1. Residue check, Arg333 against (1) near ligand 1 (Cβ under 9 Å from one of its atoms); (2) in a helix (DSSP H, G or I), all met but one. Which one?
2. Go through region 26-73 and count every residue that is closer than 21 Å to Val236 by Cβ, crowded, with 17+ Cβ neighbours inside 10 Å, at pLDDT 80 or above and of a type outside the set (A, V, I, L, M).
3. Specify the residue that is surrounded by the most Cβ atoms within 10 Å (Cβ to Cβ); the eligible residues are those in region 106-123 that are of a type outside the set (D, E, K, R) and within 23 Å of Ser306 (Cα to Cα).
4. Yes or no: Thr343 within 16 Å of ligand 2 (Cβ to nearest atom) and at pLDDT 95 or above?
5. Considering region 305-329 alone, what residues qualify as being within 19 Å of Cys99 (Cα to Cα), more than 9 Å from ligand 1 (Cβ to nearest atom) and surrounded by fewer than 24 Cβ atoms within 10 Å (Cβ to Cβ)?
6. With respect to Lys192, determine if the residue is at pLDDT 80 or above, under 27 Å from Cys305 (Cβ atoms) and among the basic types (Lys, Arg).
7. Which of the residues that make up region 266-287 are surrounded by fewer than 21 Cβ atoms within 10 Å (Cβ to Cβ) and over 24 Å from Ala64 (Cα atoms)?
8. Of (1) more than 24 Å from Ala26 (Cα to Cα); (2) in contact (Cβ under 8 Å) with a residue 60 or more places away in the chain; (3) in contact with a Lys or Arg (Cβ under 6 Å, 6 or more places away or on another chain), Ala275 satisfies all except one. Which?
Amino acid sequence: MAAETKKATADLSAKMRTQKLRTAIAPAVFAVMAAGLILGVSTGTMSGFGWESISALCPLGAVATMLATKTMVPRAIISLVIMAALILLVGRAFCAWLCPSMLITRLQEFLRTPQKRRKLAAETHEKMVDIARFEIAQAGEGAAAGAAGAKAAVAADAASVATPLSESEKAGLSGCSSAGCGSGCASCVSAKMPHKKLDSRHYVLGGALLSTAIFGFPVFCLVCPVGLTFATVLVVWRLFAAGDMTIAVILVPALLILELVFLRKWCTRFCPLSALMNLVSRFSKTLVPVIDDSKCLETSQGVPCSRCAQVCESDINIRHIAYGERTLADCSRCRNCADVCPTKAITFPVFSGVKAKAGAAAGIGANAPAPVAQPAAVMLDEDALLEG
Ligand code: SF4
Ligand code: SF4
């Protein structure tokens, strides 16, 4: 591993202060709910929480309940309205701040050897920096071509129109650094993600709802990792407290492990609740991360950085959105990107304005650079901005 890469990846986890906060909040909430479950206090679980009859259902559970019973259930409708309002406000924040699946993922990371952790971090770092180099080079070439065209067209004013490349842009033009990558940077080009409006999670969601309609009960709830986590607590508690040894003691934790350990990337590839939140979150325009291009190293100085993309748990490349597996419709407001940004260029304005509205509706946030203020270094892919 190159010394430069090692250095660049070593400090990132230390900078993710919000991740530490989230890793403290989620188990605390989980512990309160698990204690309520064990003690028989009516706090419910994350699948249906509240107090006694004043409780809200998980949005997927609410839809599935009405589909299974083929009736409009007032509590389910109220729950859906409340959840939709929360998702519009904070996107998929539940996934980063409360979901027990996140804790299991964190545990998996913790159990990795330091070498494995460093190797994975370095691979991601190199990939993201390659993309940044490629985009900077592209933008530099675009700026040079634009300047040349302007020169030819307006010869008399050429001196005032032509914009010479800066030293950093020239450095960017040197190309991709990854092993085996030639000057064509084909790997960087092929790293662009087709952002379709629906992805694998939406098909799982469709399957979950269809099976509910066919069988007359919410089938997915039997295998939902959130429900399975609480069920694991309950069966283990009963095993030790009452010697209640049933098949569930093996089956429930085994299913949970199967989903989260063997179906890696459960949250971004399979989770139907995540898919449901994604559908609503596309219209969110509050607390969406925004990059200040005048501060960002890539847009202001042409220096490849993309640390923000490296640490995103939702597979979003916030700097080069076309290269991320997901768009800002999947932002969980985890704040990792803001924490690691060396120039503090990323903020979460309460209201992101018209640009955020247009971007979020298409699955993109408000970070599309303004055409006038945008330096030559990095441009976002307009096609990607229009895709969900
Ligand atoms: S874009 Fe930033 S806040 Fe949103 S999920 Fe990615 S790292 Fe977290
Ligand atoms: S926003 Fe911050 S972390 Fe992301 S590329 Fe720019 S300087 Fe780097």
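1. The one condition Arg333 does not meet is (2).
2. Residues that pass the stated criteria total 1.
3. Top of the filtered list is Ala121.
4. Details: within 16 Å of ligand 2 (Cβ to nearest atom): yes; at pLDDT 95 or above: yes.
When the stated conditions are applied, Thr343 passes them.
5. none
6. yes
7. Thr286, Leu287
8. (1)
The values are calculated or read from the model by the stated rules, or taken from the named source; none is laboratory data. It should be emphasised that the depicted structure is a prediction, and the values quoted were computed from it without experimental measurement. Quick reminder, even Gly has a Cβ in these numbers, built from the backbone with ideal geometry, and neighbours come from all protein chains shown.
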